[in-house]
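Since the structure comes first, as structure tokens, the remarks are kept for the end.
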Amino acid sequence: MATNTKPAHGALTLVEMKEFAGFSAATQRYIRRALDIGLGRRDAIRRWSRDVGEAASIRAQERMYRRLEQIREHVPDDSGLDEMEPLMGPLITITAFDLGQDRLPDFASYRFLYERLIGAAVRPWLPGAFCAAAALPHLHPERRRTLLQSISEAAATAPGWSNREPAFLPEWVDKIDVTVEG
């Protein structure tokens, strides 16, 4: 008799939902907005823009995220250095943009977003891209320190990564009026 040692798909989804719920409201909002833009789910300006400044930020994010397709196409199958150049330059650039928006406060929120934007195959490359972007001079020194301290030793030195695609993809949920009678 075989025993299934893998958690059920539903259990994994719940773990991911709990992780997302642990992020601040601003981080959750930014992740949903970024996924709408990066996955082409809907008109991000109409959905997320609250003012002219936010509309400009969304347009800049849309321009930056045009590189996502190139990144997805160039995620290497192995850790060979000759394969990383077409991936890491654009990945660090987009990461630097997102970290500069000041809505992803740590590695966990960054990893959560990028696993969904790009896919599970990018996991081995995320710590390097995050550290490179977090160390760039466009960020305030205190912000750089906070970001770099947010990556755990385990995440930075992992001997391997799961190739399981994320199960939970957060989306916008409109409020509905529910009247309970009885």
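Across the stretch 79-95, what is the total count of residues that are farther than 27 Å from G22 by Cα and either in contact with a Gly (Cβ under 7 Å, 6 or more places away or on another chain) or surrounded by 13 or more Cβ atoms within 10 Å (Cβ to Cβ) (or both)?
Applying the first criterion (farther than 27 Å from G22 by Cα) to the stretch 79-95 yields 79-90.
Now drop any that are not either in contact with a Gly (Cβ under 7 Å, 6 or more places away or on another chain) or surrounded by 13 or more Cβ atoms within 10 Å (Cβ to Cβ) (or both), which leaves 83-84, 86-90.
So the answer is 7.
Which ones in the stretch 129-143 are farther than 17 Å from R111 by Cα and either touching a Gly at 6+ places or on another chain (Cβ under 8 Å) or in a helix (DSSP H, G or I) (or both)?
Residues of the stretch 129-143 that are farther than 17 Å from R111 by Cα, as a first pass: 136-143.
Once the filter is applied, which keeps residues that are farther than 17 Å from R111 by Cα and either touching a Gly at 6+ places or on another chain (Cβ under 8 Å) or in a helix (DSSP H, G or I) (or both), the stretch 129-143 yields H138, L139, P141, E142, R143.
Does L87 satisfy being part of a helix (DSSP H, G or I), closer than 27 Å to T157 by Cα and either modelled with pLDDT under 95 or not charged (D, E, K, R) (or both)? Reasoning before the result, please.
Working: part of a helix (DSSP H, G or I): yes; closer than 27 Å to T157 by Cα: yes; either modelled with pLDDT under 95 or not charged (D, E, K, R) (or both): yes.
Judged against the criteria, L87 is a match.
Identify the single condition in (1) under 18 Å from Y30 (Cβ atoms); (2) free of Cβ contacts under 8 Å to residues at least 60 places away in the same chain; (3) open to solvent by less than 50 Å² (accessible area, probe 1.4 Å) that D98 does not satisfy, given that it satisfies every other one.
Checking D98 against (1) under 18 Å from Y30 (Cβ atoms); (2) free of Cβ contacts under 8 Å to residues at least 60 places away in the same chain; (3) open to solvent by less than 50 Å² (accessible area, probe 1.4 Å), the one that fails is (2).
Regarding the stretch 107-117, can at least one residue be identified that is in a helix (DSSP H, G or I), in contact with a Gly (Cβ under 7 Å, 6 or more places away or on another chain) and in contact (Cβ under 8 Å) with a residue 24 or more places away in the chain? It would help to see each step written out before you state the result.
Going residue by residue through the stretch 107-117, those that are in a helix (DSSP H, G or I) are 107-117.
Among the residues that remain, those that are also in contact with a Gly (Cβ under 7 Å, 6 or more places away or on another chain) are: 117.
Subsequent filtering for residues that are in contact (Cβ under 8 Å) with a residue 24 or more places away in the chain retains 117.
Yes - at least one qualifying residue is present in the stretch 107-117.
Every residue, every condition in (1) open to solvent by 10 Å² or more (accessible area, probe 1.4 Å); (2) at pLDDT below 95; (3) of a type in the set (S, T, N, Q); (4) within 21 Å of A21 (Cα to Cα), yes or no:
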site: D102; (1), (2), (3), (4): yes, no, no, yes
site: L126; (1), (2), (3), (4): no, no, no, no
site: L136; (1), (2), (3), (4): yes, no, no, no
site: S162; (1), (2), (3), (4): yes, yes, yes, no
site: W172; (1), (2), (3), (4): yes, yes, no, yes
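Applying the selection to the stretch 68-78, what residues are open to solvent by less than 100 Å² (accessible area, probe 1.4 Å) and under 19 Å from P124 (Cβ atoms)?
Step one: list which residues in the stretch 68-78 are open to solvent by less than 100 Å² (accessible area, probe 1.4 Å), which gives 68-72, 74-76, 78.
Selection gives L68, Q70, I71, R72, H74, V75, P76, D78.
The values are calculated or read from the model by the stated rules, or taken from the named source; none is laboratory data. Source: prediction; values computed, not measured. Note that we place each Cβ from the backbone using ideal geometry, even for glycine, and neighbour counts take in every protein chain shown. Ligands, DNA and RNA are stripped out before the accessible areas are found, and what is left, the full protein with its side chains, is counted by its heavy atoms. Shrake-Rupley method; radii C 1.70, N 1.55, O 1.52, S 1.80 Å.
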